[in-house]
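Presented below is the structure to which this report refers.
The values are calculated or read from the model by the stated rules, or taken from the named source; none is laboratory data. As the structure is a computational prediction, the values presented were derived from the model and not from experiment. Cβ placement follows ideal geometry from the backbone for every residue including glycine, while neighbour counts extend to all protein chains displayed. In case anyone asks, the SASA skips ligands and DNA or RNA and just uses the protein heavy atoms, side chains included. Shrake-Rupley method; radii C 1.70, N 1.55, O 1.52, S 1.80 Å.
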Amino acid sequence: MNEKKAKKLFKKYVNNECSQEERDLMERFLESYQGERSSASDFRFDSEAKEEVWQKITNKTKAPQSKKNNFNGFILKYAAIFIGLVGLAIVFNYLLKDGSEKGHLIIEDNAIVLKTGDNRERKIIVGGGESITDADGNIVASQSNDQMVYHGKATTELVYNEIIIPKGKTFELKLSDGTLVHLNADTSLKYPVSFIKGEDRKVFLKGEAYFEVAKDPEHKFTVVAKDVDVQVLGTHFNVSCYTGEETYAVLAEGSVAISDKRAGHVSDSLSILKPGQKAAMQEDALVISEVEINDYLNWRNGDLTFNNEPFEDIVKKIERRYGVRIENGYTELESIRFRGAFKNETIEDLLDTFKESAEFDYEITNNQIRIKKPA
């Protein structure tokens, strides 16, 4: 039984909504987690069974806990193994929690918005298949599932479109020159419908995107981001420039030139990145360092990776990934650093993993999550 099916059946099972076939399947699955003294037929979620479920979880996930006031560099020991046990953990949560302890999380379905050069706005449905037209009704792009492809045509005038990706969603855009752009949540990109022959290619980014730039030695490609320009001819790289967060570029292959545009830092000199390097905008300089690039690129697969990052920054990533709002009432956590990797866990799964490692409580109201000091 895969993870999603297990989750669905667990919820139906505890609410008495299973068909007989589903109940048989569920009990066979639960039986595999029980000792010899319990059978599937007599498993009724009594106090003894609850304790056994808990023991099964803790026996497979328990790791020596660090002292409460020594969290720096804390590794989220549950993250890797939580995927396999998430269905069982849901049973435990349903069995032991008071119905009023946690609210139901309602994720807002904010739409992807496309703003065209003639000041029109339209909603883009992920999974749909639509055509995008210009002011004269000519088709300039077509959508298939979670990607929009611009066809391009000869032009002498730049016309810009802008696509806005809300929190909780990602999207792909193929520009008219063949450049593929992976757009992260809470991101906008302004770009020409068609590039002009003989002129440099230029796009404007707010948020985070991974670029696979089509090679064209005659037309330089520039990403204009907050306080920085990233210039290339053809390469793969990631740029992040969220408001209030560190601006950086990470190079996967090829080479890029970084220019610092901040007041007092502007000069004719360029910093050249090599594959596996990161250029970050620090307070008084552009700092280049060697990094594990997958930590910065895994978001394209829907993953969340935290590599010795403070909880304050992690909260922002969680908000973007899941489209939720988080209020941290346990401010002592903000500077504590964590390592961990998550794939397709629900927001509750992720929070429960942090809860086990960092020892905090949380409550959910609609799509608002409040983190609290442990009682």
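Could you please find all residues in region 199-246 being in a loop (DSSP other than H, G, I, E, B), open to solvent by less than 40 Å² (accessible area, probe 1.4 Å) and under 17 Å from residue 175 (Cα atoms)? If you could, list the steps in order and put the result at the bottom.
Quick first cut of region 199-246, residues in a loop (DSSP other than H, G, I, E, B) only: 199-200, 213-220, 226-227, 233-235, 242-246.
The next check asks that each one be open to solvent by less than 40 Å² (accessible area, probe 1.4 Å); those that pass are 213-214, 219, 234-235, 242.
213, 214, 219, 234, 235, listed by residue number.
Got a sec? Which of 185, 209, 135 is in contact (Cβ under 8 Å) with a residue 12 or more places away in the chain, more than 27 Å from residue 226 (Cα to Cα) and small (Gly, Ala, Ser)? Walk me through how you get there before you give the answer.
Values: 185 fails: more than 27 Å from residue 226 (Cα to Cα); 209 fails: more than 27 Å from residue 226 (Cα to Cα).
Exactly one residue qualifies, and that residue is 135.
When only residues in region 291-306 that are out of contact with any strand residue (DSSP E or B) (no Cβ under 6 Å at 6 or more places or on another chain) and more than 19 Å from residue 168 (Cα to Cα) count, which is most open to solvent (accessible area, probe 1.4 Å)?
The extreme case among them is 292.
Which of the residues belonging to region 191-224 are charged (D, E, K, R) and under 20 Å from residue 261 (Cα atoms)?
Narrowing region 191-224 to residues charged (D, E, K, R): 197, 199-202, 206, 208, 212, 215-216, 218, 220.
200, 201, 202, 206, 208, 220 - these are the residues of region 191-224 that are charged (D, E, K, R) and under 20 Å from residue 261 (Cα atoms).
Of the residues in region 141-174, how many are open to solvent by 60 Å² or more (accessible area, probe 1.4 Å) and assigned to a loop (DSSP other than H, G, I, E, B)?
So the answer is 10.
Going through region 175-188 one residue at a time, which ones are open to solvent by less than 10 Å² (accessible area, probe 1.4 Å) and either under 17 Å from the mean Cα position of the chain (by Cα) or within 24 Å of residue 136 (Cβ to Cβ) (or both)?
175, 181, 183, 185, 187 - these are the residues of region 175-188 that are open to solvent by less than 10 Å² (accessible area, probe 1.4 Å) and either under 17 Å from the mean Cα position of the chain (by Cα) or within 24 Å of residue 136 (Cβ to Cβ) (or both).
Take the residues in region 307-347 that are among the polar types (S, T, N, Q) and part of a loop (DSSP other than H, G, I, E, B); name whichever of them is surrounded by the most Cβ atoms within 10 Å (Cβ to Cβ).
Among them, the one singled out is 346.
Given (1) more than 24 Å from residue 210 (Cα to Cα); (2) open to solvent by less than 40 Å² (accessible area, probe 1.4 Å); (3) under 17 Å from the mean Cα position of the chain (by Cα), where does residue 360 come up short, assuming only one miss?
Every condition holds for residue 360 apart from (3).
Go through (1) out of contact with any Gly (no Cβ under 9 Å at 6 or more places or on another chain); (2) closer than 25 Å to residue 341 by Cα for residue 305 and report which single condition fails.
(1)
Are any residues in region 135-148 modelled with pLDDT of 85 or more and among the charged types (D, E, K, R), and if so, which ones?
146
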